[in-house]
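The values are calculated or read from the model by the stated rules, or taken from the named source; none is laboratory data. Keep in mind it's a predicted model, so treat the numbers as computed, not measured. Here the Cβ is made from the backbone with ideal geometry for all residues, glycine too, and neighbour counts use every protein chain on show. Ligands, DNA and RNA are stripped out before the accessible areas are found, and what is left, the full protein with its side chains, is counted by its heavy atoms. Shrake-Rupley method; radii C 1.70, N 1.55, O 1.52, S 1.80 Å.
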Amino acid sequence: MTDVDAIVIGAGNAGLTAAATLQRAGLRTLLVERHNVPGGCATSFRRGRFEFEVALHQLSGVGFEGQDFTLRGLFDKLGVADRLEFVQEEDLYRAVVPGSHDVTVPADWAGAVDALEGAFPGNRDRIERFFQLARDVTFWQMAAMRGMPADEVDPVLFRHGLRPFRDVLDEHFDDPALKSVLATYWTYLGQPPSRLPFQDMALMLFAYLEFKPWHIKGGSQAMSTALLDSFLTAGGDVRFNTAVETVLTERGRVAGVRLDDGQEVSARDVISNASLPLTYGMLDDPSVVPSRIRADLATRRIGVSGFVLHMGLDATPAELGFTTSTTFVNADVDDDRTYASWRTLEPARGICVSSYDVAPIGFAPSGATHVSLMTLQYGDVWEKIPPAGYAQAKFAYAETLLDRVEAIAPGIRDVIEEVDVATPRTMARYLGHPGGAIYGYDQDRTENWLFRDSVRDPGVEGLHLAGSWAGMGGFQPTLEAGHRVARRLLRAQTA
Ligand SMILES: Cc1cc2nc3c(=O)[nH]c(=O)nc-3n(C[C@H](O)[C@H](O)[C@H](O)COP(=O)(O)OP(=O)(O)OC[C@H]3O[C@@H](n4cnc5c(N)ncnc54)[C@H](O)[C@@H]3O)c2cc1C
């Protein structure tokens, strides 16, 4: 008899949905988290009169009551739907390149076509064709992901799904500014249009245009706390401030874990929400890892991290000039150059500005605003900075994000009441992920779920992988992945 039926390493999105799914199905489950709160990236913290959202900019996958997308149904199954209050964003985003364009794209297909035609006249037909292709590719991709046999899937997916997004844009449009506005979300996937498979971008546009972008009242921490409560109410056991140090094996299969206080806990199944390099590195007997998995891991590249200014501002969004919850400000339309700059400390070329009080989530006091400025950066840039130069480098780089936001909110520096800066090193410290990567591995075409064995089969009996390192990063994919992996485990147990 084992101590528990299953152990979940890490209480990020996927760890929480996995643990809640298992425990609610009756499996005695232990959840182990090295930090002192649940959520991983999906968390918040306080500074002065403000609470700061760490990671959630726009939640996809929610949909409406009666027209649910996947997450509303998942939250319902896990018993947390009633505890979450979703706040809808009316617009997809405002896209600004000073001197070139300033366009607000509403979060619905027809409104988006009108706004883009208004800003770039003469393109209506092309935009409609492009959106139709995005919908078609998404429809058939979802069918294929749900197991539809390849010979029944419409060829539109095979013709366009893995093409670089840049090719599809070039085929439809001439105007570089229009292409840039339509490609704005590429930073959410961490790869520029030239490297991004069209099907990933199509899915993202579909998710936000069809089912809208959302915030959560109380931030992503409210969601993480509700998921933890669902797990605990069902009888689950959680240890915070505790890391799994070793995954124990016996006769070639998983047998439990050793915690960092030396305690050993036995279980036949372990779901890891930690990074893949860490998870496989924790196995007490590396020889249990099949060579095909080792070969697979050796070809993967650590993905991008982030650099964020969390700010409490003593002014309202209207006083500051924020008209949308989400604004992207870029230096120009050269996405490849921006991507290359993530490996340098040159001034931030593009930022995502999230204003959490245009549609308030309740984190700023009345008359004030909580705003985050974010750009992406690879961790190795920051790992190379010697400790003595770190603080200076961090604040110098932060100034470049403030320079960028001044284009839409002049004088913002004068109303800063609280500010906290997070670098890739901060992410690495809090998450334990190499490079502080926030979406797991680089999400280019070679990382697609079609090509990666380790995602489908971790190769070690009793080991299961869930989270951004074993599929797509981001909120919706990881929340769904934890539930999916747990259900697969449950099915295998009853088979
Ligand atoms: C600043 C920022 C902005 C972001 N913006 C967005 C956005 O707008 N939209 C979006 O969709 N996504 C966004 N993301 C990405 C998204 O938040 C993540 O991809 C997603 O939350 C990852 O979830 P996960 O399940 O993989 O777990 P993670 O959040 O990566 O958490 C893993 C957990 O495992 C724990 N752990 C690791 N090792 C151990 C161990 N040995 N023992 C015990 N515990 C361990 C860690 O402490 C952590 O809690 C952002 C992320 C950040 C940081």
Please verify whether residue 428 is open to solvent by 20 Å² or more (accessible area, probe 1.4 Å), more than 30 Å from residue 144 (Cα to Cα) and at pLDDT 95 or above, treating the condition exactly as stated.
yes
Within segment 134-165, which residues are surrounded by 18 or more Cβ atoms within 10 Å (Cβ to Cβ) and more than 17 Å from residue 448 (Cα to Cα)?
134
Could you check how many residues of segment 81-100 are in a strand (DSSP E or B) and basic (Lys, Arg)?
1
Report, by residue number, each residue of segment 40-53 that is open to solvent by less than 40 Å² (accessible area, probe 1.4 Å) and either among the hydrophobic types (A, V, I, L, M, F, W, C) or within 11 Å of the ligand (Cβ to nearest atom) (or both).
40, 42, 43, 50, 52, 53
Just one listed residue, out of 429, 425, is without any contact (Cβ under 8 Å) to a residue 12 or more places away in the chain and either hydroxyl-bearing (Ser, Thr, Tyr) or within 13 Å of the ligand (Cβ to nearest atom) (or both), and it is 429
Take the residues in segment 115-171 that are touching a strand residue (DSSP E or B) at 6+ places or on another chain (Cβ under 8 Å) and part of a helix (DSSP H, G or I), then tell me which one is nearest to residue 185 (Cα to Cα).
165
Sort out which residues of segment 215-254 are open to solvent by 50 Å² or more (accessible area, probe 1.4 Å), within 11 Å of the ligand (Cβ to nearest atom) and within 19 Å of residue 2 (Cβ to Cβ), and write them in order of number.
239, 245
Select, from 308, 257, the only residue that is more than 23 Å from the chain's Cα centre (by Cα), among the aliphatic types (A, V, I, L, M), assigned to a strand (DSSP E or B) and within 16 Å of the ligand (Cβ to nearest atom).
257
If I filter segment 467-481 down to residues being touching a Ser or Thr at 6+ places or on another chain (Cβ under 6 Å) and under 22 Å from residue 296 (Cβ atoms), which single residue comes out as farthest from the ligand (Cβ to nearest atom)?
469
Any residue in segment 192-208 that is basic (Lys, Arg) and outside the structural domain of residue 80 (by TED's automatic domain parsing)?
yes
If I filter segment 20-39 for residues that are within 16 Å of the ligand (Cβ to nearest atom) and modelled with pLDDT under 95, do I get at least one hit?
no
Flag for residue 287 being without any contact (Cβ under 8 Å) to a residue 40 or more places away in the chain and either of a type outside the set (S, T, N, Q) or assigned to a helix (DSSP H, G or I) (or both)
yes
Is it the case, given these coordinates, that residue 330 is assigned by TED's automatic domain parsing to the domain that holds residue 413 and either more than 11 Å from the ligand (Cβ to nearest atom) or open to solvent by 40 Å² or more (accessible area, probe 1.4 Å) (or both)?
yes
Selection from segment 169-184 of residues closer than 17 Å to residue 135 by Cβ and surrounded by 23 or more Cβ atoms within 10 Å (Cβ to Cβ) yields 182
When you scan segment 272-294, how many residues do you find that are open to solvent by 60 Å² or more (accessible area, probe 1.4 Å) and more than 16 Å from the ligand (Cβ to nearest atom)?
5
